[in-house]
Every structure is written in C-alpha cells, then in structure tokens.
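Taken together, the values in this text are just the output of simple stated rules run on the coordinates, not laboratory data. What you are looking at is a predicted structure, and each value in this text was computed from that prediction instead of being measured. Using ideal geometry, Cβ is built from the backbone for each residue, glycine included, and neighbour counts are taken over all protein chains shown.
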Amino acid sequence: MPNKEVINRRRLRIIWGTCGCLCLIGLSMLFTLPISAIIQYPVSTVVTDRDGVPLASSLSIRDEWCFPVPLDEMGKWSPQVAISLEDKRFYFHPGVDPLAVLRAFFVNHTEGKITSGASTITSQVIRLSIPRKRTLANKIREFSQALLLEGLLDKRKILELYLNLAPFGGNIRGIEAASLAYFNKRAKYLSLGESTFLISLIRSPSQLR
C-alpha cells in the first residue's frame with residue numbers, strides 16, 4: 001500500500017498536470033485566429049449593368065452600407081492619412097507597436113485611468129472583426145491575434161481590410177460607403193482634405209458625425 005508521501009506526490013502530479021493542461025488550453029485559445037471572420041464580413045448587395053455601373057444597392061445583413069473596394073481603388077490620400085493619424089509606424093511593427101504600448105502604459109499610469117490603448121491598425125482590424133468587451137485580458141488577446149494576422153496577410157491587405165471595416169457613423173462602414181454618403185463620390189476621387197475629414201471620424205464616429 002502506498003505511503004502518505006507517495007500519495008501526496010501523485011496528487012501534486014495530478015494538480016500540476018491539470019494546471020499545465022489548462023494553461024495549454026488557454027494559450028491555444030489566446031493564439032488562435034478565426035481568419036474567416038476577418039476576411040469574410042457582411043457587405044451590401046450591389047446591382048450593376050453589364051458595364052459595371054451601379055444601378056441599385058441594399059443594406060448588408062447588419063443593416064449597414066458597406067461597399068468594400070481594393071486598396072488601389074481607395075485613392076491616393078485615404079491610406080496615407082489613415083497611417084498618419086492612426087498608426088505612424090504601421091509598416092515597421094509586427095502588429096503590435098512596442099513604443100505605443102510603453103507610451104500608453106506611462107500615460108495611463110500618470111492619468112490614473114485608461115486614456116490610451118496602444119491600438120495599431122492591425123489590432124483594430126481584429127477588434128472590428130471580432131467585437132469584445134474592453135478588458136485587459138481581451139486587449140492581450142487582441143494583440144496576440146494581431147501578431148498572428150501579420151503572419152498571414154501582408155500590410156497592404158491589412159490596411160485594405162481596415163479601411164473597408166472602419167465605422168464612419170450611423171450605419172456607414174468602410175471608406176467607399178463613407179465617401180459616397182458624405183461627398184457623393186468614389187473614394188478614389190477624394191482630396192486630401194476630404195480624406196482627412198473621413199479618417200478623423202473613425203476614432204469616434206457617432207459623436208463626430
């Protein structure tokens with residue numbers, strides 16, 4: 001019959017084994033990425049003539065106007081302004097910007113409350129695709145998935161997703177729908193000032209609209 005010390009060792013092995021399994025499950029959940037939820041999103045239905053000229057359109061299943069377009073059809077200015085205002089080091093970080101994280105930590109510590117989240121364009125694509133409550137745990141998960149996304153898609157595709165998913169107030173989603181709604185023109189024809197106006201709405205679309 002096993003003595004008490006042997007029994008205790010077995011119990012410890014079981015406890016540590018269980019903890020290890022839970023940690024592995026947690027990490028697998030943390031570092032998985034439902035890519036289909038990111039690249040496949042609800043869009044508006046558009047009816048065109050045989051030359052591709054739009055004749056009619058309808059809301060997406062989310063009751064939003066969303067007309068995704070390739071990055072090359074978003075014009076010269078909107079992509080540049082988005083990077084300038086939202087993520088200046090977009091092309092130099094792997095999905096998470098260490099300098100922005102340090103700055104956010106310092107600012108939040110100084111202010112005594114969360115005023116900066118250190119979000120990047122990549123992490124915002126995750127947040128827009130997979131909405132979650134604003135908690136520290138979900139922020140960490142968002143950042144981890146941003147790192148994964150950078151390994152699956154190139155920077156141009158991520159920027160394209162961001163500008164197609166971004167909210168612009170009301171039920172308007174994406175730069176093309178915003179350009180049509182606010183300026184009655186395609187996004188590729190926006191001026192620098194018009195692009196700056198629209199990209200500025202993304203930070204607080206409901207209030208600024």
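Between Leu55 and Ser84, what FRET efficiency comes out of the Förster formula 1/(1 + (r/R0)^6) with R0 = 45 Å and r the beta carbon distance, rounded to 0.05? That pair, Ser84 with Leu55, gives E of 0.80. Annotation: amide H of Ser57 within the under-5 Å range of Val47, sequence separation 5 or more or interchain, hydrogens built in the peptide plane. All other residues with a Cβ under 9 Å from the Cβ of Asn171 taken together, and with Lys, Arg as +1 and Asp, Glu as -1, what is their net charge? Combined, the nearby Lys, Arg, Asp and Glu give 0. For the pair the range 141-207 / the range 35-66, the C-alpha centres are spaced 16 Å from each other. Obtain the nm distance between the two label points defined at Ile39 and Asn184 by a simple spin-label model: each point lies 7 Å from its Cα along the Cα-to-C-beta direction. Each label point is offset 7 Å from its Cα along the Cβ direction, giving 3.8 nm.
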